[in-house]
Amino acid sequence: MLPLMHPRVVPVTTPGGAYDVVIGAGLLPSLGPRVAALCPGPLTRAVLVHDAALPGPTVASAAESLRSAGARIEQVGLVADESRKDWASAGELLRALTACRLERDQPVVALGGGLIGDLAGFAAAVYRRGVPVIQCPTTLLAMVDASVGGKTGVNVRIGEDLLKNMAGAFHQPRLVLADVATLGSLPDRHLRAGLAECIKHALIAGSVPGAPAGMLERTRGAIAGVLARDPGVCVDIIAWSVTLKAAVVASDERETAPDHAGGRALLNLGHTFGHAVETLPGQDLLHGEAVGLGLIAAATTSQALGLAGTALVDLVRGLIRAAGLPDRLAPGADAGAILDRMGHDKKVSAGRPRLVLPREAGRAGVHADPPVEAVRAGVRAILG
Ligand SMILES: NC(=O)c1ccc[n+]([C@@H]2O[C@H](COP(=O)([O-])OP(=O)(O)OC[C@H]3O[C@@H](n4cnc5c(N)ncnc54)[C@H](O)[C@@H]3O)[C@@H](O)[C@H]2O)c1
């Protein structure tokens, strides 16, 4: 089967590996030949780790394509549930890779959202100290963010607290194949959650050399088309985000750039607030929904610090609403509890949150030690 439109290819170059992100509609049937072309010898075996909730034909299309390229396939279906993105699931996956004697040059193919990509990527990073991983994202969030850049990870539970991505490895994929046809079965709520990351990218684009020009305006114009699942608009918005992320990770693969240089830390815009509210009892928020709220909180913090005007807060809230995302928490959330949780975020340096804060015109910067009153103003802006 031919792809429905000519795919877009965004090259990613990092010290840890160079690869293409191929974006288009109807690409899964070309997966096998594309993977085979990357192998040093014939493609004899691959492990296909897929989201168990994907429609049968999506999984079959990927499996058939890999088989047609000569590979024997081991299929592992996993449930995409944050509470199961843990050591036990990673261990199960490592047992499956070991049981089928996957060799060092034979790939793990991840077919699913960011959760499956993170788990499969982590297993591929540590199995035999690293086997190739191919990312085939099936959510908008994974297409625009999680599948690119090489971060993999699992959550660690301490008592009642699920600490997200506390363990992980950098492991760049050999190929990312984003087939927007797979978005056809993605529930609306998850499509909207992916838009939050697109909005985040648009809000930092002015501070990222190499990002597409006019990304904020173009993203604003694309939101309705994405919600209508127009394949061409989806390909466009994914390509802009991937181009931006490729530029960021090329210069700062491991998030070690100093604060003034921005680098990969800029991608955390909205995430320190977002992580604090994501697992708040009584909220039931998706990651992207929490990030959307985090973007509003971060813009409000900028305003409180005099770094931005009300126009920016209005712009961000307007984009979040246009994407159909919540712009306030459900009633009952407590500002103190959120501030407390922010102290536990990974992006905390020496006990103080390091916040990425947006400014006008799609620019953003890292702030090492924002005054608590400004942060509290940000939290108040999203209380129900
Ligand atoms: N590695 C990174 O750089 C990075 C970046 C952002 C987020 N993440 C991680 O990604 C995860 C969130 O990813 P996500 O939003 O893609 O969520 P997800 O993988 O949990 O998928 C969301 C839901 O959609 C379902 N689903 C996925 N694709 C589908 C499809 N095509 N049709 C029907 N249903 C489908 C899944 O079963 C699940 O219920 C989190 O664990 C987060 O930590 C990683």
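Distant-in-sequence amide contacts of Gly262, defined by a placed amide H-H separation under 5 Å and a gap of 5 or more residues or a different chain, comprise Val366.
Of the two radii for the stretch 49-196, the radius of gyration is 0.95 times the Kirkwood radius, both from the alpha carbons; that is the Rg over Rh value.
Enclosing the Cα atoms of the chain in their convex hull gives a volume equal to 122 cubic angstrom per residue. For the stretch 277-374, the spread of Cα coordinates along the three principal axes comes to 37, 34, 19 Å, biggest extent given first.
Based on other C-beta atoms within 10 Å, arrange His50, His201 from fewest to most.
Fewest-to-most ranking of His50, His201: His50, His201.
If R0 is taken as 35 Å, the Cβ-Cβ distance between Asp314 and Asp340 corresponds to a FRET efficiency of 0.75. Averaging 1/r across all pairs of distinct Cα atoms in the stretch 1-91 and inverting the result yields a Kirkwood radius of 15.0 Å. Across the stretch 148-295, the convex hull enclosing all Cα atoms gives 128 Å³ per residue. For Val109, the residues whose modelled amide H falls within less than 5 Å of its own, excluding neighbours fewer than 5 places apart on the same chain, are Val47, Leu48, Val49, Ile134.
When each of the peptides 24-34, 110-120 is scored by the mean number of other C-beta atoms lying within 10 Å of its residues, the order from highest to lowest reads 110-120, 24-34.
Only the coordinates and a few stated rules stand behind these numbers; no lab work does. This is a predicted model, so every value here is computed, not measured. Every residue, glycine among them, receives a Cβ derived from its backbone with ideal geometry; neighbour counts consider all protein chains shown.
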